[in-house]
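First up is the structure itself, then whatever we jot down about it.
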Amino acid sequence: MRLHVVGAGASAAHFALTALERGFEVVVLDVGRTRPPAVSPTASFGELKSELDDPVEYFLGEHFEGVVLPSDETEYYGFPPNKAHVFAAEERFRLASEGFEPLASFAKGGLAEAWTGGVYPFTEAELVDWPIGWDELRPHYEDVARRIGISGRADDLAEHLPDHGGLMEPLRLDDHSSSLFSTYEKKRERFHALGCRMGRARSATLSADHAGRPACSELGRCLWTCPTNSLYTPWLTFEELEGREGFTYLPGRYVDHFETDGGRVVRLVASRDDGEQETHDVERLVLAAGTLSSARVFLESVRRERGEAPRLSGLMDNRQVLQPFVNLRRLCRPWEADAFQYHQLVMTLAADDPRASVHGLVTTLKTALIHPIVQSLPLDLKSALFVFKNAHAALGLLNVNLHDTRRAENTLELGPSGELRVRYVPPADEPTRIGAALRRYRRALRMLGCFVPPGMTHMRPMGASVHYAGTVPMTDEARPLTTTRDGRSRDFENLWFADGSTFPFLPAKNLTFTLMANASRIAATVS
Amino acid sequence: MADASEPTALLEEECRVFTRYLVGHDPDAGALAAYVRAHERDARLSHPDARARDEKLLLLARRGPRRARAADACARIFAPTSRLRRKLVCLLAVLEVRGSTALELDTADGGSSAVFLARCVLLCAAAGGRALAALLLLSFERLGERG
């Protein structure tokens, strides 16, 4: 029994692993851009600056692409050059968009090569639109948790982050996060009255040695790719799979389309990096390349088959709003260099409709390139540096995530020259929702002793969170352009979707953990 | 050479002035080389400003660390994406990733929060004053050119 899988991201990794464990022969086709080898794997972020022969090239890139120069749309951080492979453009994959800034990855490991490790299970309420419930997904959350290693605990957030089992102890809190959390604990009742809860982040980062990977050694290099692999990415699963019998990884393949006999997929057509085209006879095909890439393969195939491609609707993504804050109690203190770099706390806001709760990731500033932040202060750089270095230990960022629903106006379709056209219109009530959430969060931050600088709230464009989903939804209602509850296409009998395409609803959370669990669930039912 | 209008010697001198402005001493050889290399590889640094005033801020800044600070204060308010700001931010990026200057740039002075906040208020006022001074300097120079 052979399965061909397109893509090598989070969904593909856990689909492939489960299918292999069930006895399937698994062939993965992928463009497969790879990460550069880790440099000085035991050096801390600070040590790298002194120990490397050319720290400028490592941190800023050969062409200084890591420098965030002043522009009208400044982000608070630059993208590390050693992750350039994650978002490197693929000329065969052409996009046109309206109201959306789409990102796609052709890296081995996919977009999760650049994730921050947040793993957040969906609740029963958030699965209401799904044809499956919590009980069907929970065992797969637990399996994935045991595979990848997740640190965290069941705490005040239990209502928003159900306990699926398989959790390790949480990571050590950095000093700033610890200070915020202890203030929360002292004022817990007041926060609860505001409908706000705080708890420890769930992170795919090891707090203890696990499956041959070491516990996080707090080198402060998370953003520059964890050199010890304590922070999980799907790349690790593919490294593990490649040594197993029955598994074949074919990199350097860009899957263009599949061919059918009318009702079944019979052949996969891919172009290699050398420009040659090759075909693969297919028994079962699994699209797990991510919502945009899977849609393009599907639409291109249907267009070749029927002369016209349909339009896929229901594209979803999480709107993200970044709210910087200053913890006044930590001004003028030294900042902590040797610590886990990403968010360690989560702050949620309850809503009347539990599906509309808001999810905020609290990241305290530790190691980072400082020039993007320093230049954003309304002062000359010398003065801004004085302010920044004395405020560094006090700075933090709340990343507010909002939920999204499938709506007909948000679509994917093929353009006349084969480009994937993405169209997105935010919901009409979005400004109201964002305004209400920010007002409550600002109040919560003030209760934590933090100052919220005016004018620095940054609304990221749609597409920036890269939590794309919803274009070929799972449903029990049999209709075209949907899948069964087990991810099986209703258009082609031996085709499965195993990525975010199938999500019928997107809560205000990072979806990667659910991508992995759901892909594993689908693999457990493929026949 | 980075650009016909920006010979290496000019960029090196510019780097020295700007580094003295930002950290109070000359750059090391590595920082100097990286600054020149950045101009060779990133065209945005050498691309002239559309407005003559923004280009004059760069000329003013090259004349010494104190004038660089005044020109920077002015540019931050009136020309935040100008070539001067691009060059200064690029240099800051270079200095912050080099072991020899990273700690100087990002180590807290200690002391009390109240004193720090008071200094912030004074800094804001001083930055405004510097910006105004830079504008006045440019205006006088323009009058001088005409007269």
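A short reminder: the numbers here are calculations on the coordinates, not readings from a lab. The model shown is predicted, which means the values in this text are computed figures rather than measured ones. A quick note on method: Cβ atoms are made from the backbone with ideal geometry, for glycine too, and the neighbour counts reach across all protein chains shown.
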Less than 11 Å Cβ to Cβ from A:Phe340, Lys/Arg counted +1 and Asp/Glu -1: what total charge do the surrounding residues give? -1
If you restrict to DSSP beta bridges whose two residues both lie in chain A, what percentage is antiparallel, to the nearest 5? 70
Hey, got the average number of other protein chain Cβ atoms within 10 angstrom for residues in B:118-124? 3
Which FRET efficiency, nearest 0.05, do B:Arg20 and B:Ser112 yield, Cβ-Cβ r, R0 35 Å? 0.75
For the stretch B:1-108, the dipole about the Cα centre with charges only on Cβ (Lys and Arg +1, Asp and Glu -1), to the nearest 20 debye, works out at 480
Determine the gain in length on full extension of the stretch B:Glu12-B:Ala43; use 0.36 nm per residue of separation and subtract their C-alpha separation, reporting nm with one decimal. 9.5 nm
How many nm is it between the label spots at A:Glu419 and A:Ala478, if each spot is 7 Å from the Cα in line with the beta carbon? 4.0
Taking the Cα-to-Cβ direction at A:Arg264 and at B:Val121 and moving 7 Å from each Cα, how far apart do the two end points lie in nm? 8.0
Cα convex hull of the protein assembly as shown: mean projected area in nm², to one decimal? 30.8
With a 21 Å threshold on alpha-carbon distance, the violating pairs from A:Lys366/A:Lys509; A:Lys83/A:Lys509; A:Lys49/A:Lys83; A:Lys83/A:Lys382; A:Lys187/A:Lys366 are A:Lys366/A:Lys509; A:Lys83/A:Lys509; A:Lys83/A:Lys382; A:Lys187/A:Lys366
Cβ neighbours within 10 Å, averaged per peptide: list B:16-24, A:209-217 in order, most packed at the top. B:16-24, A:209-217
Whole number please: convex hull volume per residue, Cα atoms of the stretch B:1-135, in Å³. 104
For B:105-114, mean number of other protein chain Cβ atoms within 10 Å: 6
Need one number: nm distance between label points at A:Ser178 and A:Ala428, each 7 Å from Cα along Cα→Cβ, rounded to one decimal. 5.1
The extension gain from A:Glu90 to A:Arg146, computed as 0.36 nm times the residue separation minus the Cα-Cα distance, is 16.8 nm
Length gained when the stretch A:Glu278-A:Ile132 is fully extended (0.36 nm per residue, less Cα-Cα span): 48.8 nm
Base-10 log of normalised Debye intensity for the stretch A:1-145 (one unit scatterer per alpha-carbon) at q = 0.13 Å⁻¹: -0.88
Residues with beta-carbon under 9 Å from that of B:Arg44, excluding B:Arg44: net charge, scoring Lys, Arg +1 and Asp, Glu -1? +1
